[in-house]
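Below: one structure, written as structure tokens.
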Protein chains: 2
Amino acid sequence: MSTPYDAMWEKLNLDLEAHAGLLEVLGKFYGDIYLSQSGRLKGMEYLDFVLSEVHGLRIKELQEAKAQGKKIIGTFCVFVPEEIVLAAGAIQVGLCAGAEAGKEAAEKVLPRNTCALIKSFVGFKLSKLCPYIESCDLVVGETTCDGKKKAYEIFADYAPVYVMEIPQMKNACDRDLWKAEILRFKDKIEALTGNIITAEKLKGAIKLVNDRRRVLQRLNRLRAAVPTPISGRDVILANQISFYDDPVRFTSKMGELCDELEARVNRGEGVAPKGTARLMLSGCPMAVPNWKVPFVIESSGAVVVGEESCIGTRNTRDLVDESAETLEAMLDALADRYMKIDCACFTPNRERLDHIVEMAKELKVDGVIHYALSFCQPYTIEAYKVDQTLQKAGIPMLAIETDYSMEDVEQLKTRVEAFVEMTRS
Amino acid sequence: MSTPYDAMWEKLNLDLEAHAGLLEVLGKFYGDIYLSQSGRLKGMEYLDFVLSEVHGLRIKELQEAKAQGKKIIGTFCVFVPEEIVLAAGAIQVGLCAGAEAGKEAAEKVLPRNTCALIKSFVGFKLSKLCPYIESCDLVVGETTCDGKKKAYEIFADYAPVYVMEIPQMKNACDRDLWKAEILRFKDKIEALTGNIITAEKLKGAIKLVNDRRRVLQRLNRLRAAVPTPISGRDVILANQISFYDDPVRFTSKMGELCDELEARVNRGEGVAPKGTARLMLSGCPMAVPNWKVPFVIESSGAVVVGEESCIGTRNTRDLVDESAETLEAMLDALADRYMKIDCACFTPNRERLDHIVEMAKELKVDGVIHYALSFCQPYTIEAYKVDQTLQKAGIPMLAIETDYSMEDVEQLKTRVEAFVEMTRS
């Protein structure tokens, strides 16, 4: 079936046949998991539309921006400071990393014992399935885990890669290293774009990204209501789309969604029957279209009311201080804000344990599902400490380790159902 | 069977029965792999003796040192600067991490998908099988990989743990961070021992550790002769024992071994028949008693002539500059020397690729066996780049991924034999 985007995809050197197959599967998957829900907010139509155009209209926008001389920066991690990219007049997008397509190709260059997210982005590139990667002038990796750190070395054979070093502790020397890395990144982006980052431009970019964080914070505050007024899946989708949609438009549309949600909350309406178990997700990021676990949970007598995740509060909890007036002070504010991220790449990572308990209590959850991608050592190992900490707080936890395949869906459902049952007894 | 050390082991709170079983298996294993060799140097008797007393006499020495007020520092990695420990009058020992004993206990707190080395040290502690860990006043970990970094957080529930941060790149800000980490470590060790590290003491310690590196460098130069004058297993043993034997005594004894080896080389004598394939090992460390792969190789028509490994040249190649006279200059010399380590924790890690090719050429090898522990992401992923680089240099490589179990010995033997055959065709 031909589409208005075929010529663009061909120009981007995608594997057109495989790509068409991918979009078809994605459409069906989205229909089953998203469009089948009842009682959705009208404002979700915007996200449905953006998702339906994920490889179409948004890519067209990126191509148009490129034609006007703008640069496209692809990323995989919440540590890459988008404020720098925006201040240089470039566009930052999260890259495809949430589907199994391309797994076989990835396993030719990576060990099979590599997490699904890493195999996914390498596979998407090798199989020519991701129009975002193909649109990128630079792909920015980071050293958050061994898997990504070493995979970027191989990825660099196929794409223009730049890697930011993320420190592993939070001492003064780590803050120094991170500040130096932000400066190195600024130089790189200025050189790539040919634009100098001024205090004025950076101030605007900080405000813009903070505004997006603020609207997602508002969404999280509203969705915490009892009864639950929006499905976890829908909130996850909003967080996922925040990584690649135009930030101004996205923030405005999410504001409208929040207004509608607020009215619903005020009416005391919910999407799940009274007494549905309230669960929180904690752990690894879920990139589009990795909706397996939220779907399993919400098909098992529970609703997801919070995501302690990079695609969730880890990305939106902290704002950059907006009071700085000089470029130097703004760069310091950026360094400080990003150092607050409680990624499992840090040791120790007590902040994360505290945040999880705090969030679980605020959201009045019946339990926490710890979600880790198989072979993700930082999160699979940290799960033990999370469990210890939640046990002390009297909050039950179920640890799930999985990948992007659908083979374990029934098994996961059985485990989640048993967990939900247990939280009620 | 009672031994003269039973009371000591009991006082160290070892599981006496399980420990006796471990020593029995170790003794048999050592007999099969080491004592069965023919044509061994007389000087190897010292190493045989040290190994036979690995949990006996050496532990007794450590206990005696402790009784005199000395502190024992346990480590798992070549990044921990022993010079600092020695300069403070303390003793540094490598900890048990090379056997499967305790695996079940380790898997209760760590994911099964964790490398054998990490499961080993956690298991040894949880199962009360390692008299070294029980003798330690401080266990010093490091952030070289996600697995260890996160496992130390759990290990800290059971032992006094201190973690050094190892940078992930080699830019100026990384050197700054590493220098700060050395200073933090110095403060910690001074506080622990109550001894101030003076320039004079540090100068002596630098010389002492360099001397041990120099004698192991000499061993490596001599063993490179054709025909091969000493088995790879024996050289690996010397490297392994260097981590826990008294450094002065060890260096002296290895000097004698080298004298004997030199005479043998001058006589043109070898331990392997002429035409035996010369292979080099490259990759992960092999802690005592992890001799599986060297044994498999040397039972398959080949001899190991070099180890590009932490238990090998990664630990001995670079000396600390001895010309510094002030404490500050010595600390800088230490920082510089340790930053040269070409561990797969760095990205990029071009130095390692260059070193491997250089070493393979110098040693005139027929091929390289890349050895990686399963689930060791830095080395399993870097293996791809090593293979690419060796291919370009026309040197064949076989990638082995394994753990500490004996189940795959026959399968490995078949693969190594086929590889040896291939290098000759």
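Brief remarks on what is shown
- Residue match in the stretch B:385-401 (condition: among the β-branched types (V, I, T), buried (at least 21 other Cβ atoms within 10 Å of the Cβ) and within 9 Å of another protein chain (Cβ to nearest Cβ)): no
- The residues listed here are A:K179, A:K150, A:K188; of these, the one that is modelled with pLDDT of 95 or more, within 14 Å of chain B (Cβ to nearest Cβ), surrounded by 23 or more Cβ atoms within 10 Å (Cβ to Cβ) and not in a loop (DSSP other than H, G, I, E, B) is A:K150.
Residues are listed down the side, and each one gets a yes or a no for (1) over 24 Å from B:K292 (Cα atoms); (2) in contact with a helix residue (DSSP H, G or I) (Cβ under 7 Å, 6 or more places away or on another chain); (3) of a type in the set (D, E, K, R):
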| site | (1), (2), (3) |
| --- | --- |
| B:R112 | no, no, yes |
| B:G141 | yes, yes, no |
| B:I154 | yes, yes, no |
| B:P167 | yes, yes, no |
| B:A191 | yes, no, no |
| B:I196 | yes, yes, no |
| B:E200 | yes, no, yes |
| B:D211 | yes, yes, yes |
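Conditions tested, residue by residue: (1) within 22 Å of A:I166 (Cα to Cα); (2) over 18 Å from the mean Cα position of the chain (by Cα); (3) of a type in the set (D, E, K, R); (4) modelled with pLDDT of 95 or more.
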{"position": "A:L51", "(1), (2), (3), (4)": "no, no, no, yes"}
{"position": "A:A67", "(1), (2), (3), (4)": "no, yes, no, yes"}
{"position": "A:G74", "(1), (2), (3), (4)": "yes, no, no, yes"}
{"position": "A:L86", "(1), (2), (3), (4)": "yes, yes, no, yes"}
{"position": "A:G89", "(1), (2), (3), (4)": "no, yes, no, yes"}
{"position": "A:G94", "(1), (2), (3), (4)": "yes, no, no, yes"}
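- Filter pass, B:G270 being farther than 24 Å from B:C345 by Cα, part of a loop (DSSP other than H, G, I, E, B) and free of Cβ contacts under 8 Å to residues at least 40 places away in the same chain: no
- Residue in the stretch B:256-272 that is within 14 Å of another protein chain (Cβ to nearest Cβ), over 30 Å from B:H55 (Cα atoms) and not basic (K, R) present: no
- Some residue of the stretch A:322-338 being on the phi < 0 side of the Ramachandran plot, part of a loop (DSSP other than H, G, I, E, B) and within 14 Å of chain B (Cβ to nearest Cβ): no
- Checked against (1) in a loop (DSSP other than H, G, I, E, B); (2) touching a residue at least 24 places away in the same chain (Cβ under 8 Å), A:L47 passes all but a single condition, namely (1).
- Scanning the stretch A:382-425 for residues that are in contact with a helix residue (DSSP H, G or I) (Cβ under 7 Å, 6 or more places away or on another chain) and among the hydroxyl-bearing types (S, T, Y) yields A:Y384, A:T389, A:T402, A:Y404.
- If only residues of the stretch A:118-145 that are more than 20 Å from A:G283 (Cβ to Cβ) and of a type in the set (F, W, Y) are counted, the one that is surrounded by the fewest Cβ atoms within 10 Å (Cβ to Cβ) is A:Y132.
- Restricting B:E17, B:E61 to residues that are modelled with pLDDT of 95 or more, surrounded by fewer than 11 Cβ atoms within 10 Å (Cβ to Cβ) and acidic (D, E) narrows the list to B:E17.
- Scanning the stretch A:153-169 for residues that are more than 10 Å from chain B (Cβ to nearest Cβ) and farther than 21 Å from B:Y384 by Cβ yields no hits at all.
- The stretch B:399-421: number of residues that are in contact with a strand residue (DSSP E or B) (Cβ under 8 Å, 6 or more places away or on another chain) and either more than 13 Å from B:L373 (Cβ to Cβ) or part of a loop (DSSP other than H, G, I, E, B) (or both): 7
- B:L257 meets the conditions (1) over 28 Å from B:G56 (Cα atoms); (2) in a helix (DSSP H, G or I) in every case but one. The failed one is (1).
- Qualifying residue in the stretch A:343-359 (condition: in contact with a helix residue (DSSP H, G or I) (Cβ under 6 Å, 6 or more places away or on another chain), assigned to a loop (DSSP other than H, G, I, E, B), away from chain B (no Cβ under 14 Å) and not polar (S, T, N, Q)): no
- Restricting the stretch B:238-254 to residues that are assigned to a helix (DSSP H, G or I) and hydroxyl-bearing (S, T, Y), the residue that is farthest from B:V365 (Cα to Cα): B:S252
- Pairs meeting the criteria (first residue in the stretch A:136-152 and more than 17 Å from A:S374 (Cβ to Cβ), second residue among the polar types (S, T, N, Q) and modelled with pLDDT of 95 or more, beta carbons under 6 Å, at least 6 apart or on different chains) are A:V140/A:T75; A:T143/B:Q168; A:K149/A:T143; A:K149/B:T347.
- Considering the conditions (1) over 19 Å from B:I73 (Cβ atoms); (2) crowded, with 18+ Cβ neighbours inside 10 Å, B:N171 is excluded by exactly one of them, (2).
- Test set (1) touching a helix residue (DSSP H, G or I) at 6+ places or on another chain (Cβ under 7 Å); (2) closer than 27 Å to A:P229 by Cβ; (3) free of Cβ contacts under 8 Å to residues at least 40 places away in the same chain; (4) outside any helix (DSSP H, G or I) - A:G275 fails condition number: (1)
- Within the stretch A:362-376, residues that are more than 12 Å from chain B (Cβ to nearest Cβ) have Cβ atoms under 6 Å from residues that are of a type in the set (D, E, K, R) in these pairs: A:V365/A:R278; A:D366/A:R278, counting only partners at least 6 apart in sequence or on another chain.
- Selection from the stretch A:104-128 of residues that are facing chain B (nearest Cβ under 10 Å) and part of a helix (DSSP H, G or I): A:I118
- A single member of A:E307, A:E260 is surrounded by fewer than 20 Cβ atoms within 10 Å (Cβ to Cβ) and within 30 Å of A:V416 (Cβ to Cβ), and it is A:E260.
- Residue count, the stretch B:360-387 (criterion: outside any helix (DSSP H, G or I) and touching a strand residue (DSSP E or B) at 6+ places or on another chain (Cβ under 8 Å)): 12
- Selected residue (criterion: farthest from the other protein chains (Cβ to nearest Cβ)) from residues of the stretch B:129-146 that are in contact with a Pro (Cβ under 9 Å, 6 or more places away or on another chain) and not in a loop (DSSP other than H, G, I, E, B): B:L138
- Among the residues of the stretch A:61-82, those that are charged (D, E, K, R) and either in contact with a His (Cβ under 9 Å, 6 or more places away or on another chain) or over 16 Å from A:P247 (Cα atoms) (or both) comprise A:E64, A:K66.
- Given (1) in a helix (DSSP H, G or I); (2) buried (at least 18 other Cβ atoms within 10 Å of the Cβ); (3) of a type in the set (A, V, I, L, M); (4) more than 9 Å from chain A (Cβ to nearest Cβ), number of the condition B:I197 does not satisfy: (1)
The values are calculated or read from the model by the stated rules, or taken from the named source; none is laboratory data. All figures in this text were calculated on a predicted structure; none of them were measured in a lab. Note: ideal-geometry Cβ built from the backbone for every residue, glycine included; neighbour counts use all protein chains shown.
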